Structure formats: structure tokens, C-alpha cells
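Read through the structure below, which is laid out as C-alpha cells, and then see the notes.
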Amino acid sequence: MASITIRQLDEGLKQQLRLRAASHGRSMEDEVRTILRAAAAGSAEVAPVRPSPRRSEPAAVEIAVPSPTPNLAASTAMRRILLIIGGGIAAYKSLDLIRRLRERHIAVRCILTAAAQEFITPLAAGALSGERVFTNLFDTTSELDVGHIRLARDTDAVVVAPATADLMAKMAGGHADDLASAVLLATHRPILIAPAMNPVMWARGATQRNLARLLDDGVHTIGPNAGEMAEQGEAGIGRMAEPLEIAAAVEALLGDGGERPLAGKRIIVTSGPTHEPIDPVRYIANRSSGRQGHAIAAAAAAAGAEVTLVSGPVNIPDPPGARIVKVETARAMFEAVEAALPADCAVFAAAVADWRVAAPGHEKIKKQKGKAPPPLALVENPDILSTIAHRKAQRPPLVIGFAAETENVIPNAKAKLARKGCDWIVANDVSPETGIMGGETNSVHLVTENGVESWPRQSKDEVARALVSRIATALAAGD
Ligand code: CTP
């Protein structure tokens, strides 16, 4: 492990380093790392900052440069985010988020607010990120080396997780009295917040007003989700989105390293279940979580497409970057899809209820003592995929259906491809033992007129990215 202290360099050298770092848009630390890497590779890039001849001693430790893990932020090719961790019990999940982001080759630099340090330590965040952690606006060392303005700029996006009610209020009000809020005010990079707080705090008018203002300001949000809270007996909307969900949202926000193969293309995605009313309080539904459809919408948006996501009722966050139309029933989903035409591609990932109740009750249907339960007469819902795929006018050039099967997956999918008149079917086995419905992973077969491709079991985000990349290739070939 090599060690250097910028503070111990002589003033002239420090000034030279500062200018050089500024001209490259890097922090002084990052500049040193770049120089060291170039030196190790034998490049001439080190020449301008050779140590002053007046100083013979090697510099001493302050910036640790761990050799086995390349310093992520120093790599210009790598996407990078600044993660602001707020003070809430969900802060412990942000440690996992750091891991999830690094797994996706996203460099993470952390700021911990004072309140966050009551829950997790800078040491833990630093160990997981492999980067120095910043905590204090008035820390002379960090202001000298990096500075809050550079922290705000030297990143591709800023993520706030957990975003507490207080941090959201500060952001909405434009406060800058600590490092986190000052950086948030100073950045011109996209901001994604993952709110987390008690459900009552979340529902309060003040928080909702702040949220509306932040959305107006172009801030992206993910969550909060519904569920149990840390406080015993408390449940509702307020749980921070899961690290995997936040990581997917960050990827969608960052895009594919600037590549936007679907730029200029319009894509419609259906997702989630539909709810078919029996009476005002009961409905017929299915177990679809909407994860796969939402992941496709997010991946298509990240690839530059103009996405309309028509979603049935789900308990997952809206994917960033897509226009979202929320519906309940199959018929409403159908209308929303028709309204979103024309499109270059339509992906029907929703688990649409095949039937609806012929005559839903206008009042709650009551039990009648001694009488048999009321019969539920069902009628068939419109088949959205088949209708769109068989349209003469405004048929999207690429129509993709899903086949959720519990047996004979591939033969059934092939039959469905022909019956529905679509171009591709993404088939999966949704029998309960696979854990696919509602789960995080998926194992799919892509069925086209050219044959069947079986993809390895992978996360729903990965399936989404793979599918989007195939869509981009197909649309480019059809141009
Ligand atoms: N689909 C649709 N509208 C419906 C039913 C299904 O758009 N009313 C779409 C789904 O979004 C999916 C595909 O059709 O892309 C296949 O859905 P699936 O439920 O697997 O097939 P079904 O047509 O319902 O046939 P079955 O239930 O008999 O397998």
C-alpha cells in the first residue's frame, strides 16, 4: 500500500496539483491517484507534477491507496455517484446499497450527515465504498483537498438514501447549513432520493408539500414502500425502497454509460396485475408484482426510449424516466395502451385478468343467512396483446408478449406466439416452486419465429436489460 499526504507537500507543488486537478475536473486526491496509476503504467502523464527537487523525503500517509481494489472514483470510464446517507434506521440498508452499486461497477463516494452517524459509522461506509467518507462542511482538510463544490460536481448523480423528512425539507427550502444540504444545493447533477420515515411523517402535509416541490424541481424519487416500520406495531408507507430497487433506479438514472440505443423510439410497456371488481370492496386479482414489467420500462427509459408504462395496481416504486399511466382493470389498461399508440414497440408484461365479473355489485354484497353464496358470472376481458398485434393500422413494428406458464412452457409459448399474432414471446415458468412470481429473479425463454433461446436465471433487471438490448438491435435492423 502506497501512502501520500497532500498536506505535507510543499506549497508550490500543492498549487501545481490543485491547478492540474481543477483543469481535469478531479479532486486533488483523484488527481494523485491518476498520476500514480499513470506512473505505474509507465506513462508520461506524471511529468508535470514531479516532486519538487527541494523536497527529498517521500510524502507521508494520508490518502490510502489500497492496491487490490482500484479506486473507483478515479477511473474516468466508470460511472460514479455521490451517496448522501441521512439519519434514520434505514441507514443500515444504505451500507448494502453501496455494495449493490459497486457490484454494478458504479463508484460510490459517501457523505454521512451528523444524524446518520448515530446509526452507522463513516468507517463502515468507507470500508464498503473503498473511498474516503465526508461528514463535515467546515473540515479544513476536506475543503482543501476536495471542497463541497467539487463533491457536488465530481459525480454523475447524487443519491440521498435514506432521505429523511428533515433532509427533504432542507432540500425543498434550499438550505445549505451542513455538508449534505450544501452539496445538494450546489450540484447540477441529477438527484435521486429514497425517502424513509414514519408513515405519519410521510403523510403529513409539510412532507407532501416538500415532495411536490422537489418533484417540480426535477428531483427523482424511489419509494417509499409500504410495510412494517422499525417502531413496533407501526406499519404503512414509509419504508425505504430496498437496496436492489434503489440500485436499479440509479442505473436507470445514469443510463448505459451514455449509450442511448433507443433514443427517438416510443415504447409501451404493460405491467402488474389487473383488479377486476366484484363489488366496491372486493376484486379478482393475481400474484403479479409488476417487477419484470417495471424493470423493462426502466431499462428502456435508460436506453433513451420515450416510455409509456401502463401499470396495474402494484406495491413497487415507479421506474424513473417513464410516463406512467395507472389503471385498475383490464379494460382501462386496454384503453390506456390504445391511447399511447403509435409506438415502435409494445411489451405486454402485465398479468391481465382473463375474466371480469359480468355485473359487479354497486354496493357491498352481503351474506344472506341460510342462503347459498351469490354466483359470480364472469365474462372475458379484451385480449390487449392479441388485439394490438392483429391491428391493421398503428400496429407497432415489434410486439412482444409474455407467457406465464406452469407446465409445458415452451410448447405453450410457441402456440401463444402464433395465436396472439405477436413477434416475440418471453416465456417463463411461474409455478409456485420457481419463486418467479413476486420474486427478484427470472428464468426466461425468448421464443421468436426463428426459434427458442433459453436465457440463464438472472435478476429481473438483467432480463430487462437483455431484452431492451435485443429490442434496440431489432428496431435498428428494421430502420
Ligand atoms: N394478455 C393481454 N390481455 C389479456 C390477457 C393476456 O394483453 N386479456 C397478454 C399478457 O400481457 C401476456 C400475454 O397476453 O403478454 C399472455 O398472457 P397469459 O396470461 O400467459 O396468457 P393468456 O392469453 O391469458 O392465456 P392462458 O391464460 O390461457 O395461458
Next on the checklist: Among the listed residues V426, V399, V468, V447, identify the single one that is buried (at least 16 other Cβ atoms within 10 Å of the Cβ), within 28 Å of P342 (Cβ to Cβ) and more than 16 Å from the ligand (Cβ to nearest atom).
Outcome noted: V468
Next on the checklist: Where the second residue is within 6 Å of the ligand (Cβ to nearest atom) and the first is basic (K, R) and lies in the range 342-357, which pairs have Cβ atoms under 7 Å and are six or more apart or on separate chains?
Outcome noted: R356/A330; R356/N381
Next on the checklist: For the range 402-415, give me each residue that is in contact (Cβ under 8 Å) with a residue 24 or more places away in the chain, near the ligand (Cβ under 9 Å from one of its atoms) and in a helix (DSSP H, G or I).
Outcome noted: A413
Checklist outcome for this item: Given the conditions (1) in contact with a strand residue (DSSP E or B) (Cβ under 9 Å, 6 or more places away or on another chain); (2) part of a helix (DSSP H, G or I), every one holds for A418 apart from (1)
Checklist entry - Being β-branched (V, I, T) and away from the ligand (no atom under 11 Å from the Cβ), is that true of even one residue in the range 380-394? => result no
Item to check | Scan of the range 197-231 for residues that are surrounded by fewer than 16 Cβ atoms within 10 Å (Cβ to Cβ) and either touching an Asp or Glu at 6+ places or on another chain (Cβ under 8 Å) or not assigned by TED's automatic domain parsing to the domain that holds L185 (or both), ordered by number | outcome: E228
Next on the checklist: Going by what's in this entry, would G435 be described as away from the ligand (no atom under 13 Å from the Cβ) and in the same structural domain as A285 (by TED's automatic domain parsing)?
Outcome noted: yes
Item to check | Criterion (touching a helix residue (DSSP H, G or I) at 6+ places or on another chain (Cβ under 6 Å) and not polar (S, T, N, Q)) met by exactly one of A182, A196 | outcome: A182
Checklist entry - Checking K371 against (1) at pLDDT below 95; (2) surrounded by fewer than 20 Cβ atoms within 10 Å (Cβ to Cβ); (3) within 19 Å of V269 (Cβ to Cβ), which test does it fail? => result (3)
Next on the checklist: Tell me the residue from V352, V347 that is surrounded by 14 or more Cβ atoms within 10 Å (Cβ to Cβ), in contact with a Ser or Thr (Cβ under 7 Å, 6 or more places away or on another chain) and β-branched (V, I, T), please.
Outcome noted: V352
Item to check | Qualifying residue in the range 353-374 (condition: within 8 Å of the ligand (Cβ to nearest atom), touching a Pro at 6+ places or on another chain (Cβ under 6 Å) and on the phi < 0 side of the Ramachandran plot) | outcome: no
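The values are calculated or read from the model by the stated rules, or taken from the named source; none is laboratory data. Quick caveat, the model's predicted, so the values are computed rather than measured. Ideal geometry is used to build each Cβ from the backbone, glycine not excepted, and the neighbour counts take in all protein chains shown.
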